[in-house]
1. List the residue pairs whose Cβ atoms are under 7 Å apart, where the first residue sits in the range 162-183 and is within 25 Å of GLN308 (Cα to Cα) and among the β-branched types (Val, Ile, Thr), the second is at pLDDT 95 or above and surrounded by 15 or more Cβ atoms within 10 Å (Cβ to Cβ), and the two are 6 or more positions apart or on different chains.
2. Pull up the range 266-304, narrow it to residues that are among the hydroxyl-bearing types (Ser, Thr, Tyr) and more than 30 Å from GLN251 (Cα to Cα), then point me to the one that is surrounded by the fewest Cβ atoms within 10 Å (Cβ to Cβ).
3. So which strands (runs of 3 or more DSSP E) stay within the range 271-376 end to end and still have 2 or more residues that are under 22 Å from LEU202 (Cα atoms) and within 18 Å of the chain's Cα centre (by Cα)?
4. Within the range 257-293, work out how many residues are hydroxyl-bearing (Ser, Thr, Tyr) and either closer than 19 Å to THR161 by Cα or modelled with pLDDT of 95 or more (or both).
5. Considering only residues that are under 38 Å from the mean Cα position of the chain (by Cα), at pLDDT below 95 and in a loop (DSSP other than H, G, I, E, B), which ones fall in the range 406-441?
6. Got at least one residue in the range 216-238 being surrounded by 20 or more Cβ atoms within 10 Å (Cβ to Cβ) and touching an Asp or Glu at 6+ places or on another chain (Cβ under 6 Å)?
7. I need the full set of residues from the range 80-100 which are surrounded by fewer than 17 Cβ atoms within 10 Å (Cβ to Cβ), charged (D, E, K, R) and in contact (Cβ under 8 Å) with a residue 60 or more places away in the chain, in order please.
8. What number goes with the only condition from (1) within 25 Å of LEU351 (Cβ to Cβ); (2) out of contact with any Phe, Trp or Tyr (no Cβ under 8 Å at 6 or more places or on another chain); (3) outside any strand (DSSP E or B) that ARG481 does not pass?
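The values are calculated or read from the model by the stated rules, or taken from the named source; none is laboratory data. In this text the structure is predicted, and so the values were computed from the model without any measurement. Counting neighbours? That spans all protein chains shown, and the Cβs are built from the backbone with ideal geometry, glycine included.
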Amino acid sequence: MTERLGEYRRKRDFEQTPEPAGERESAPAGERRFVIHEHHARSLHWDLRLERDGALLSWAVPKGVPPDPKTNHLAVRVEDHPLSYIDFEGEIPAGSYGAGEVRIYDRGTYDTEKFRDDEVMVVLHGERVSGRYVLFRTRGKNWMIHRMDPPADTGRDPMPTEIRPMLARLSELPRDDERWGYEIKWDGIRAIAYVSGGRVRLRNRNLRDITGQYPELRELGRSLGARELVLDGEILAFDEHGRPSFQRLQQRMHLASESAVRRRMKDIPVVYAIFDLLYLDGRLTAKLPYEERRTLLDELGLAGPAWQTPASHRGDGAALLAASREQGLEGIVAKRLDSPYEPGRRSRSWLKIKNNLRQELVVGGWTPGEGGRSGRLGSLAVGYYDKPRAESEEQRLIYAGNVGTGFKEADLARLGALLEPLRRDTSPFHGRQPKKGAVFVEPRLVVEVEFLEWTRAGTIRAPSYQGLRDDKDPREVIAERPAPPPEG
């Protein structure tokens, strides 16, 4: 036995760690036992340990024991542990091997169906994990663990992997106020968070993976442990007054390297504002009414150093809109209490009521600068796509005006570099055109613009540049004009 535990003991200083040394142990009579530890080390993982021949055979399972036979999980064979480890819980101190909190996730007994050097088949009888599992070696210390039984919960829904966010329509306050829930409209970028196995994956509106751009949000996965969730929310950065700032967030959105991200996250931290719950531990919740989804979300108590669950208010939308205006915020979102989540749709069940007009527009050209901007970009010629009158017609880019203010030096440099390779000889705009002297480009860039109003001619008045939107398809950009609220 000393030989089997040699690696375990070489890795640990038992004057520092509270882990058992495992001296002079013997297996108790009766059924063989197992334990699953949840180990909050440098990387959160779960440890499956099986009692056999006087020790605990151990595998580190980064994403946890799979609850469904459709998914196999990696299991890394690690050193055998002493039998007394089956009851161990505690904090392994910093600087020690495996430093971090260890707690028991589940334990029970197991039956053996096959036990070979490269394949182990067992039936686990635990409170949280039960069923027939096989562990099989793939290469070296790497194994896979597979559930052979159907899911313990036969009604379990598979966790979705791609959901397009539901969108809101620009509107006025609804008349049937008591049938709506109201939230602050956040000035950031939309992100769906997929949380499983202690890890979080973030995707934007275009389904592009943006996890690497926001490392501080990885802790959300660790905090949820073995739970499985799909969340909808907005990634925000704040200005010096504590208000969400899309322009400040720009400095985090477009970073290319991990080192650049690490540097900027110290200066410009982000927060994930969570406002919807689409999947919860084996259940699709998107079809539930908004009011029920919000109740489930609030019960989770998701609050941490880089994530929060802002409040939702039932009724009294006018008061929240006035409060948002006083605080210099963009506006509010109204959501029908009885509405399901409609992925990818711009639904009349969600309404955005803004204090200032803002929207995304497509860049179709630019004009050279004069005076202090000589030799650089002077203004952007922007537009939106119309709605085809027939299925056979293509969308047309309609000119909406030029944006010449709101740029910082870094914006001018970045836009200039992005626009130069997009040059084209002809205008992408249909109908009304920019003034003479415009340089035309392929309509691939989307920018966010704030302005006072739409003119009768269909252009924007007093526009100001707010930032680039790389999370939106140009073809989805339409003119958003406030519509009457839906009838109650």
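1. Short answer, once both residue conditions are applied: ILE163/ILE192; ILE163/VAL230; ILE163/LEU278; ILE163/PRO343.
2. Within the range 266-304, the subset among the hydroxyl-bearing types (Ser, Thr, Tyr) is 272, 279, 285, 290, 295.
Right, trim to more than 30 Å from GLN251 (Cα to Cα) and you get 279, 285, 290, 295.
On the way: TYR279: 21, THR285: 20, TYR290: 20, THR295: 13.
The extreme case among them is THR295.
3. 271-280
4. Final tally of qualifying residues: 4.
5. GLY406, PHE407, LYS408
6. yes
7. Correct list: GLU91 only.
8. The single condition ARG481 does not satisfy is (2).
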